[in-house]
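Below you'll find the structure, written out as structure tokens, and then a few comments.
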Amino acid sequence: MTEFVDGWVLAHTLGEGAYGEVKLVINKSLGEVVAMKMIDLEKHPDARQTVQKETTIHRMLSNPNIIQYYGKRSEPNVEYIFLEYASGGELFDRIEPDIGMPTWEAQKYFRQLISAVEYLHSKGVAHRDLKPENLLLDENDNLKVSDFGLATIYRLQGKERLLERRCGTLPYVAPEVLLYRYHAEPADIWSCGIILVALLAGELPWDQSLAECPEYRAWIEGKYMSLTPWKKLDNSALSFIKNILTHSPSSRYTIQDIKQHRWFMKKFQKAGSVEGCIRPDETDSRQMLEDENLTRFGLSQPELLGIDNNSMTQFGLEERPKFSFSQPAHIEDLLLCTQIQNKQFTQPSQQNTFQRLVRRMTRFFVKTELQTTIKRLVNCLKHENYTYRINDCSSITIQGTDRRKMPLVFKANIVEMDGKILVDFRLSKGCGIEFKRKFVKIKSMLEDIILKGPVTWPIAVATDCMP
């Protein structure tokens, strides 16, 4: 580790982006940990204005469900942005591909997301790139909205302006964003609805919300009842989502509508049953009628809808600075390998190693030794026709495409840890859910060498690093 400024040292790289990288910074005396974005202005002179806009907006915000902005430091060729470090991992990592997560958990995260978006809109701020990859979790498993690189102010002194920039991540983008000038709030709410589908069903409903997309056309024509992901959802959830993913932004649910819907208000137990179901508003006759007319679908996983990806219309969204807040980026970043003892850094004791792992699901221990593990993994990659590059003796960069024929890049790091071999996968670029789907396939191919047992442990929070 190297000294950054007096009392603070640079630790590991947490992520990389188009304009620079994100590093972990630790206070030597207090053990406090922050994330620091470093933007190289020599390589990207156009980034200064983007950084200025992002930091101007982010410093306005203070909410429990939004990554906290701590400050900015400018140098002639580098901009530094200091942010809260989210040690609980990424939301997309909690989503099981094609399954989702338990309803109570999806509701918890969705409520926190809505709370954050309601706060943003109260400040006149639109995020414009809400997706699971930009939703992090803290050490207490609370959701934190991150990445304000595409955020903008749409309302100032009570006057609202229509937005024109077509931006975001295509499967999460509202239809009006792709077609014409649009209102900010309904567009963000649409993205929240897509996120809820991902949480409950473990997949995205369509590639893009345009009539050229068969899945979206089936949705707007009301011919979706027997299709995935909709037949995985129960009546209440489907009715709820139908009102959020309404094609017309003027008819779409508002934040207040969302908060008053009975799915949002129910208290789901961890076992999946419902306690104290709240009676819906008697005036909400449209919602009740839709619930009565919906068919209850089975929860078994359906076959994937056959789509010719080559015929899909691709929409070129604007280029944007992409910073990955996914943490950590490398295997050494799995560990906060520091304890503060008399203001000196020392290696943690062996028994504490597992407790310092960031909570993530895309890793496993194996029975085989290092070289055999690498050989087995490479054979899997060849079998799946991945393009791969062995960076060193224990790191492999893997490139491929997802089901939407979009680029997908991830890394596999293989290291010895406490006498065992750990294989850890990290998303570098692409859809988090698609990455998880690829991980599950590779893991199944290595099932015979995987050690059974727990593979995730809570990270040591800052107070654990203190003397």
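A short reminder: the numbers here are calculations on the coordinates, not readings from a lab. Predicted, not measured: the structure shown is a model, and the values here were computed from it. With ideal geometry, Cβ positions are generated from the backbone for all residues, glycine too; neighbour counts draw on all protein chains shown.
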**OP:** Express the Stokes-Einstein translational diffusion coefficient of the stretch 110-166 in µm² s⁻¹, to the nearest whole number, given a Kirkwood radius over alpha-carbon pairs, 4 °C and a viscosity of 1.567 mPa s.
**Re:** 105
**OP:** May I ask you to derive the FRET efficiency for Lys375 and Gln269 from their Cβ-Cβ distance with R0 = 60 Å, giving the value to the nearest 0.05?
**Re:** 0.85
Original post:
Between Gln68 and Glu160, what FRET efficiency comes out of the Förster formula 1/(1 + (r/R0)^6) with R0 = 25 Å and r the beta carbon distance, rounded to 0.05?
Top reply: 0.40
Original post:
Picking from Val145, Val117, Gln107, whose Cα lies most toward the positive end of the charge dipole for the stretch 39-152 (charges on Cβ: Lys, Arg +1; Asp, Glu -1)?
Top reply: Val117
Original post:
the stretch 10-115: percent of C-alpha pairs farther apart than 20 Å?
Top reply: 52
**OP:** Can you tell me the relative contact order of the stretch 149-253? Whole percent, Cα pairs under 8 Å, sequence separation 6 or more.
**Re:** 23
Original post:
the stretch 144-262: D in µm²/s via Stokes-Einstein (Kirkwood Rh, Cα pairs, 10 °C, 1.306 mPa s)?
Top reply: 105
Subject >> Neighbour cut-off at most 12 other Cβ (10 Å), DSSP loop, chymotrypsin sites (Phe, Trp or Tyr not before Pro), the stretch 41-134 >> reply: none
Original post:
At a Förster distance of 56 Å, what's the computed FRET efficiency of Asp257 paired with Asn27, Cβ-Cβ distance as r, to 0.05?
Top reply: 0.80
Original post:
Any idea how far apart Val78 and Glu221 come out in nm if each label point goes 7 Å out from Cα toward Cβ?
Top reply: 5.6
**OP:** Sorted from largest down, give the three principal axis spans of the alpha carbons of the stretch 79-124, whole angstrom values.
**Re:** 40, 26, 15
**OP:** State, to one decimal in nm², a quarter of the convex hull surface area for the C-alpha atoms of the stretch 166-223, i.e. the direction-averaged projected area.
**Re:** 4.0
Original post:
Within the set Lys43/Lys411; Lys53/Lys108; Lys223/Lys438; Lys144/Lys411; Lys108/Lys232, which residue pairs have Cα atoms separated by over 21 Å?
Top reply: Lys43/Lys411; Lys53/Lys108; Lys223/Lys438; Lys144/Lys411
Subject >> Simple label model, 7 Å out from Cα along Cβ direction - Asp402 to Gln49, nm >> reply: 3.1
